[in-house]
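Worksheet: the structure to be examined is printed underneath.
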Amino acid sequence: MSELENYDVALIGGGIMSATLATLIRKLNPKTSVVIFERLEDVALESSNPWNNAGTGHAALCELNYMPDSIDGSLPDPSKAIAINEQFQVSRQFWASLVQDKILGKPETFIRTVPHLTFVQGEKESDYLRRRHLALKDQPLFQGMEFSQSAKDLANWVPLMAKGRSDEVFAVTKIDQGTDVDFGAITQQLISWLEKNEVRVEVKTEVKGLYQFADGDWQLTLGGSDWTRMVRAKKVFVGAGGYALKLLQSSKIPQIKGYGTFPVSGHFLRTNNPDLVAQHQAKVYSQAAVGAPPMSVPHLDTRVVDGKTSLLFGPFAGINPKFLKRGSILDLPLSIRVANIVPYLSVAIKNFSLVKYLVKEILKSRKQKLESLREFVPEAKDQDWFLYEAGQRAQVIKPGIGGGSLQFGTELIASEDGTIAGLLGASPGASVAVSVMLEVLDKFYPTEFDDWNQKIKQMIPSYGQKLNEDAALAKKTLAKSAKTLGLIS
C-alpha cells in the first residue's frame, strides 16, 4: 500500500463553514497544510447556495423565534437575541477586514442593506411585539428599532403589504440595519483566494468514512463506487451540512452518541416582477404557526443574487428523508443507531404537532400556498409568483433526560482530544459562521489559540468584548464595519 497523503487539517464540505475555517487558519497559521473536500461538482451548491437559503443576516432584528414571549406577560427575555446579534457582528467585522485585505471582492457582490421588519396580526401577537420592542429598543445593538400599528407607516415601509389590506389589528417593527447576504458568493470568493494561497480544494470528491489511528491522526476514505483513496490528517472538520451526522457517526467518537437529525424540506414562492420588487425593499418576518418549526416562520424577503432582485415568500415546509437537497432518500433510515432510537422516538412523540403541521404543509395545493402569501400581500396575483425548491435543513435531535429533544440552532460536536469537530443543525448557521469556526479553532489548538488573540483582534476589533454592554463601542464598531461594507449603521 502506498504512503497516505498527509495534511494538517482536512475540511469536509465546500460551504461557508469550511471556507471560513480555512481562511481563519490561513490568516492565523499560514504554515498549516489544509485540504477541502466537496462531493458535488463545485463549492457552495448546497446550504450555502443563495437560492437554498433566505440570505437573512440573522441578527435577531426581526426573527421572533430567538426571543419567545414570556409566560406571565412581562417583557420577554432579550438575552438570546442579543447573543445572536453579537455573533453576527463578529461575522460582519471579519468580512469587512477581508474586504480591506482584498480577499473578498466589492461588498455589493455579497452584502447589502435591507431593512428587517416583524409583522404580526391580532391583539395578542401585537401586544407581544410591543413588549418585545420595549425590551430591545434601548439595547445598544438594536438602536433605531421602530414600533408602529399605523396603516400609514406600513404603507411607507412596505407598500406591497399595505395595498388592499382591510381594517385589522396588526403591529410592525422596523430596523434599518438589517442585511441581505449572499453566502454563496462569500464562499466562492474565499475559496478562490484559498486556492491561490496553497489550500487544496477538491470537488467531486466524497468522504465516505473516517477512522482514527492510535496516534490520534485520522484516515479519510474518499471515493465512490469505482475508486477509493486514503488521506491522513491530524485534524478533521466536518462541515458537510446534513451529511455531518453520518460522517461523525462513522468516526465513532463518543460525543456523537445518541444524536440524530430531523430533515425538513422547504419551498418558496418567488417573483421577479420589477413592479412588485420595487414596492417591497425589506425582509419581513412573522410568527410561526402553532406546531411549526422556527425555520418555517413565514417571511417575505427582498433577495439579491448576482445583482438581480427578487422577492421570496415562504418557506413551505415538508417531510423529506434526505439530509441534503442532493442527498439520498436513505439518509434518514441509515442514520438510525441503537443509541439514537429512543431520542428519535421521544422527539416524534413530543412533537406530534410538528409532524401534523408538516403533513398539512405537504398536502397544501398551489392555491392554498398563494392564500398564505395573501396574508402578507393581499393583492398578490397567481401569475406573478412561481414555486421553487429551496435547501434541505436537518434539525438537531439531541439526546438527554427523557429521551431527546429537537434543537433549533447550530450545535458543535467535538472529540475530547480536539482532533475532530463537526457542525449539526441549521439557522442561524451561516450568519454566525465566524464565531463558530473560532470555537472550532479553540478546540483544535487550545495552546496556540491564546497566542493568536492579537491577530484575531486585528480582523475582529471587538473580539473578546460584549458590544451590547458598551453603547459607545457598539456604535463605533457597527459604524466602522458598515462603512467598509457600504451598509447603513
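One residue alone among Val99, Val35 is in contact (Cβ under 8 Å) with a residue 60 or more places away in the chain, touching a Phe, Trp or Tyr at 6+ places or on another chain (Cβ under 7 Å), more than 24 Å from Ala390 (Cβ to Cβ) and not in a loop (DSSP other than H, G, I, E, B), and that residue is Val35. Residues that are modelled with pLDDT of 95 or more and of a type in the set (Ser, Thr, Tyr) within the range 276-297 comprise Tyr285, Ser286, listed in sequence order.
Within the range 433-476, count every residue that is small (Gly, Ala, Ser) and not in a helix (DSSP H, G or I). Break it down into steps so the answer makes sense when it comes.
The initial filter retains those residues of the range 433-476 that are small (Gly, Ala, Ser), namely 433, 435, 462, 464, 471-472, 474.
Filter once more, keeping what is not in a helix (DSSP H, G or I): 462, 464.
Total meeting the criteria: 2.
A quick yes/no check of all residues on (1) surrounded by 20 or more Cβ atoms within 10 Å (Cβ to Cβ); (2) charged (D, E, K, R):
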| residue | (1), (2) |
| --- | --- |
| Ile84 | yes, no |
| Gln89 | yes, no |
| Ser97 | no, no |
| Ile103 | no, no |
| Val114 | yes, no |
| Lys124 | no, yes |
| Gln139 | no, no |
| Glu146 | no, yes |
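Mind listing whichever residues of the range 362-378 are part of a loop (DSSP other than H, G, I, E, B) and either without any contact (Cβ under 8 Å) to a residue 60 or more places away in the chain or exposed (fewer than 13 other Cβ atoms within 10 Å of the Cβ) (or both)? Please lay out each step first, then the result.
Quick first cut of the range 362-378, residues part of a loop (DSSP other than H, G, I, E, B) only: 363-365, 375-378.
Scanning the range 362-378 gives Leu363, Lys364, Ser365.
Take the conditions (1) free of Cβ contacts under 8 Å to residues at least 24 places away in the same chain; (2) farther than 30 Å from Asn273 by Cα; (3) not hydrophobic (A, V, I, L, M, F, W, C); Lys398 misses just one of them, which is (1). Per the listing Lys80, Lys27, Lys102, the residue uniquely in contact with a helix residue (DSSP H, G or I) (Cβ under 6 Å, 6 or more places away or on another chain) and among the basic types (Lys, Arg) is Lys80. Screening Ser481 on (1) at pLDDT below 95; (2) more than 20 Å from the chain's Cα centre (by Cα) shows it passes everything except condition (1). Of the set (1) under 16 Å from Phe88 (Cβ atoms); (2) in contact (Cβ under 8 Å) with a residue 12 or more places away in the chain; (3) outside any loop (DSSP other than H, G, I, E, B), all apply to Ala479 but (2).
When you go through Pro76, Pro68, Pro50 one by one, which is the residue that is surrounded by fewer than 24 Cβ atoms within 10 Å (Cβ to Cβ) and without any contact (Cβ under 8 Å) to a residue 40 or more places away in the chain?
Details: Pro76 fails: without any contact (Cβ under 8 Å) to a residue 40 or more places away in the chain; Pro50 fails: without any contact (Cβ under 8 Å) to a residue 40 or more places away in the chain.
Sole residue among the options that is surrounded by fewer than 24 Cβ atoms within 10 Å (Cβ to Cβ) and without any contact (Cβ under 8 Å) to a residue 40 or more places away in the chain: Pro68.
Return the residues of the range 179-198 that are crowded, with 23+ Cβ neighbours inside 10 Å and assigned to a loop (DSSP other than H, G, I, E, B); say none if nothing qualifies. Matches in the range 179-198: Asp182 only. Filtered by the rule that a residue be closer than 20 Å to Glu46 by Cβ and free of Cβ contacts under 8 Å to residues at least 40 places away in the same chain, the range 216-270 gives Gly223, Gly224. Are any of the residues in the range 318-331 under 30 Å from Gly122 (Cα atoms), touching a strand residue (DSSP E or B) at 6+ places or on another chain (Cβ under 7 Å) and either buried (at least 21 other Cβ atoms within 10 Å of the Cβ) or of a type in the set (Asp, Glu) (or both)? No, the conditions are met nowhere in the range 318-331.
Picking from Lys364, Lys398, which residue would you name as being more than 17 Å from the chain's Cα centre (by Cα) and more than 30 Å from Pro254 (Cα to Cα)?
Details: Lys398 fails: more than 30 Å from Pro254 (Cα to Cα).
Selected residue: Lys364, the only one of Lys364, Lys398 that is more than 17 Å from the chain's Cα centre (by Cα) and more than 30 Å from Pro254 (Cα to Cα).
Considering the range 448-488 alone, what residues qualify as being among the aromatic types (Phe, Trp, Tyr) and surrounded by 18 or more Cβ atoms within 10 Å (Cβ to Cβ)?
We begin by selecting, within the range 448-488, every residue among the aromatic types (Phe, Trp, Tyr); these are 449, 452, 463.
The one that is among the aromatic types (Phe, Trp, Tyr) and surrounded by 18 or more Cβ atoms within 10 Å (Cβ to Cβ): Tyr463.
Which one is nearest to Val120 (Cα to Cα), of the residues in the range 50-88 that are touching a strand residue (DSSP E or B) at 6+ places or on another chain (Cβ under 6 Å) and not in a loop (DSSP other than H, G, I, E, B)? So that I can check it myself, show each step before the final result.
First, pick out the residues of the range 50-88 that are touching a strand residue (DSSP E or B) at 6+ places or on another chain (Cβ under 6 Å): 50, 54-57, 61-63.
Next cut, not in a loop (DSSP other than H, G, I, E, B) only: 50, 56.
Details: Pro50: 27, Thr56: 19 Å.
Filtering first and then ranking leaves Thr56.
Which one is modelled with the lowest pLDDT, of the residues in the range 332-346 that are within 26 Å of Gly14 (Cα to Cα) and surrounded by 21 or more Cβ atoms within 10 Å (Cβ to Cβ)? Among those residues, the one meeting the criterion is Leu332. Restricting attention to the range 242-280 and to residues that are of a type in the set (Val, Ile, Thr) and part of a helix (DSSP H, G or I), the residue that is farthest from the chain's Cα centre (by Cα) turns out to be Val277.
The values are calculated or read from the model by the stated rules, or taken from the named source; none is laboratory data. No experiment lies behind these values; they were computed from the predicted model shown. Here Cβ is always computed from backbone atoms with ideal geometry, including for glycine, and neighbour counts include all displayed protein chains.
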